[in-house]
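Read-outs throughout are calculated quantities, based only on the coordinates presented, and are distinct from any laboratory measurement. This structure is a prediction, so every number in the text was calculated from the model and none was measured. As a convention, Cβ positions derive from the backbone with ideal geometry for all residues, glycine included, and neighbour counts pool all protein chains shown.
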Amino acid sequence: MNKLKDLTNKFSYNIEFDVDDNIYVARCAELSSLSAHGKTQEEALKEIKVVVLETLKWMEEDGEKIPEPFSLHKFSGEFRVRMPPEKHRKIAIESSLQGVSMNQFIVNKL
């Protein structure tokens, strides 16, 4: 139980204000189908952590794989992107005109 509670605190959370309902909505990035709400940001965060903890308990009981928190994942800094050849050509030309690599061109765009 304490292991799951500790893990809950390592997940990534996002809180947004919903103007239509006049509430804060919290979501967990690692378990994107989950959400919770509250009248304050703090309340929404507290509520989503309860939902996440209960979900992790359920997943553990059912033998499901618990996702690794993004905060604990070791990212390589690399990922492949597939695109149409014409877009690849356009990026090659634009990056060359700017005097930078295609990689740096794309990183600057992000």
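Treat the stretch 69-110 as a sphere of radius equal to its Kirkwood radius over Cα pairs and apply Stokes-Einstein at 4 °C in a medium of 1.567 mPa s; give the translational diffusion coefficient in µm²/s, rounded to a whole number. The calculation lands on 109 µm²/s.
When the Cα positions of Ile23, Thr8, Thr55 are compared along the charge dipole of the stretch 2-61, Thr8 comes out farthest toward the positive end, with charges on each C-beta of Lys, Arg, Asp and Glu. The ranking of Lys5, Lys74, Lys39 by Cβ neighbour count inside 10 Å, starting from the fewest, reads Lys74, Lys39, Lys5.
Return the FRET efficiency for the residue pair Glu61, Ser32: r is the Cβ-Cβ distance, R0 is 25 Å, and the value is rounded to the nearest 0.05.
0.75
Each of Thr40, Thr55 was scored by other Cβ atoms within 10 Å of its Cβ. Arranged with the fewest first, they read Thr40, Thr55. Once the Cα-Cα distance is subtracted from the 0.36 nm per residue extended length, the Leu97 to Ser76 segment shows a gain of 4.7 nm.
Taking the number of other C-beta atoms within 10 Å as the exposure measure, put Asp18, Asp62 in order starting with the fewest.
The most exposed by this proxy come first: Asp62, Asp18.
Calculate the tail of P(r) for the stretch 2-61: the fraction of all Cα-Cα distances greater than 12 Å, expressed in %. Cα-Cα pairs in the stretch 2-61 separated by more than 12 Å: 63 percent. Using a cut-off of 20 Å between Cα atoms, the listed pairs Lys5/Lys65; Lys10/Lys49; Lys46/Lys74 include Lys46/Lys74 as exceeding that distance.
Where Rh denotes the Kirkwood radius from the mean inverse Cα pair distance, what is Rg over Rh for the chain? Radius of gyration relative to Kirkwood radius: 1.18. In the chain, the longest principal axis of the Cα atoms and the axis of helix 41-61 are about 80 degrees apart.
Split the chain at each of the GluC sites (Glu not before Pro) in a DSSP loop with at most 14 other beta carbon atoms within 10 Å, and the longest piece is 1-63.
Exposed loop positions in the chain were taken to be chymotrypsin sites (Phe, Trp or Tyr not before Pro) whose DSSP state is not H, G, I, E or B and which have at most 14 other beta-carbon atoms within 10 angstrom. Between these positions, the longest stretch is 1-69.
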